[in-house]
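Taking it in order: structure first as structure tokens, then the write-up.
The values are calculated or read from the model by the stated rules, or taken from the named source; none is laboratory data. Here the structure is a predicted model, which is why all the values come from computation and not from measurement. FYI the Cβ positions are ideal-geometry reconstructions off the backbone, even for glycines, and counts take in every protein chain you see. With ligands, DNA and RNA removed, areas are computed over all heavy atoms of the protein, side chains included. Shrake-Rupley method; radii C 1.70, N 1.55, O 1.52, S 1.80 Å.
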Amino acid sequence: MILSVLGAGTPIPTKERYGNGCVLRVGADRMLFDCGPATTHKLVKADILPTQVNYLFFTHHHYDHNVDYACFVLCRWDQGAGLEPRLQVFGPPPTEWVTDRLLGEAGAFSHDWKARIAHPGSQSVHVNRGGSLPRRPPTVDVMDVGPGQVTEGDGWSVTAALAQHTEPWLESLAYRVDSKEGSIVFSGDSAPCESLCDLAAGADNLIVHCWDHQEVLDASGEGPGEMGTVAAAEMAQGCGVRRLIINHCTPNLTRPGSREKAVGDVARLYDGEIVFVEELMTLPL
């Protein structure tokens, strides 16, 4: 398994980090987890073509996790020229609703794909890329999912569990991928909770949303539905996780000196391997 970190930040845009998205490669399959700002561009910067990604899993539908969804699907459809496998999309409600409102017959981007299907010049571009006419609309296989088995592929399976973030206003999930090469859990945005701990038990890798230093998080009033350094460390230790991957960090946590303090605070409570990720980092698992 190979993890490519595309977005390692928060809704706060900085030059180094913005939004969320990761690609997991297992064998020949590539799975995208969340699709935050500029995910499509970051994929290419990570030497991954959108047409090489056939699975997309949403943890929840905050904009820093889903705003590049239409861009990714349309780019994959346009560049794939009808030769790409149909994209498989999974997420908590309202994943199906969002997909239809963006890409459906009357969706926000229907004017775009209808013009590309009908215009003679666009038809020529499509044919020159290897496609055939008539050109089909962009379609994905999309499914609202909840806790339990989600899907499986060649030597891997994906299971989901409830996360605890902004319920009841927005549903959130965490995902676990198990394969013969190992296991990884994507916490999404979540506070520590029993369902997430059960999902992560004994995992080889746990990639967590770690918003800020625990004391800063607790003092700011931003703690509910979030995870700080101490909470992340305690959860990883309690779950018996072999490697803790720290992601989704605010600018305060990632600045020089502050980052080292964060890793030190985690290391005092967690005795496994710690990785503090950067955007466009590739991590063999």
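Odds and ends about this structure:
- With the simple spin-label model, which puts each label point 7 Å out from Cα in the Cβ direction, the Thr139 to Leu280 separation comes to 3.7 nm.
- Each Cα pair under 8 Å and six or more residues apart adds its sequence gap; the mean of these over the residue count of segment 158-285 is a relative contact order of 21 percent.
- With the alpha-carbon atoms of segment 1-87 aligned to their principal axes, the span from lowest to highest coordinate is 37, 27, 23 Å, starting with the largest.
- Applying 1/(1 + (r/R0)^6) with R0 = 30 Å to the Cβ-Cβ distance of Asp47 and Val263 gives a FRET efficiency near 0.60.
- Positive-end ranking of Ala219, Pro94, Gly272 along the dipole of the chain, with charges on Cβ about the Cα centre, is headed by Pro94.
- Separation between Cα centres of segment 31-54 and segment 207-237, rounded to whole Å: 27 Å
- In order through segment 121-136: 3J(HN,Hα) via Karplus (6.51 cos²θ - 1.76 cosθ + 1.60), integer Hz, x for Gly, Pro: x, 5, 5, 5, 4, 4, 5, 5, 8, x, x, 10, 9, x, 7, 8
- For Thr39, the accessible area of its heavy atoms, probed at 1.4 Å with every protein chain present, is near 0 square angstrom.
- Entry note, segment 178-252: relative contact order of 38 percent, from Cα contacts under 8 Å with a spacing of 6+ residues.
- Sorting 4-14, 145-155, 217-227 by average packing, meaning the other beta carbons within 10 Å per residue, from highest down gives 4-14, 217-227, 145-155.
- Across the protein chains, with a 1.4 Å probe defining accessible surface, the residues Tyr18, Tyr55 rank Tyr18, Tyr55 from largest area downward.
- The chain: relative contact order as a whole-number percent, Cα under 8 Å and 6+ apart: 17 percent
- Packing, as the average of other Cβ atoms within 10 Å across residues, places the peptides 239-252, 180-193 in the order 180-193, 239-252, highest first.
- Panel values: the chain, Kirkwood radius from alpha carbon pairs, Stokes-Einstein at 20 °C and 1.002 mPa s, translational diffusion coefficient 111 µm²/s.
- Principal-axis tilt of helix 229-239 within the chain, Cα atoms, nearest 10 degrees: 90 degrees
- Counting only the Cα atoms, segment 170-252 fills a convex hull of 89 Å³ per residue.
- Rg in Å to one decimal, and Dmax rounded to a whole Å, for segment 72-149 via C-alpha atoms: 13.9, 46
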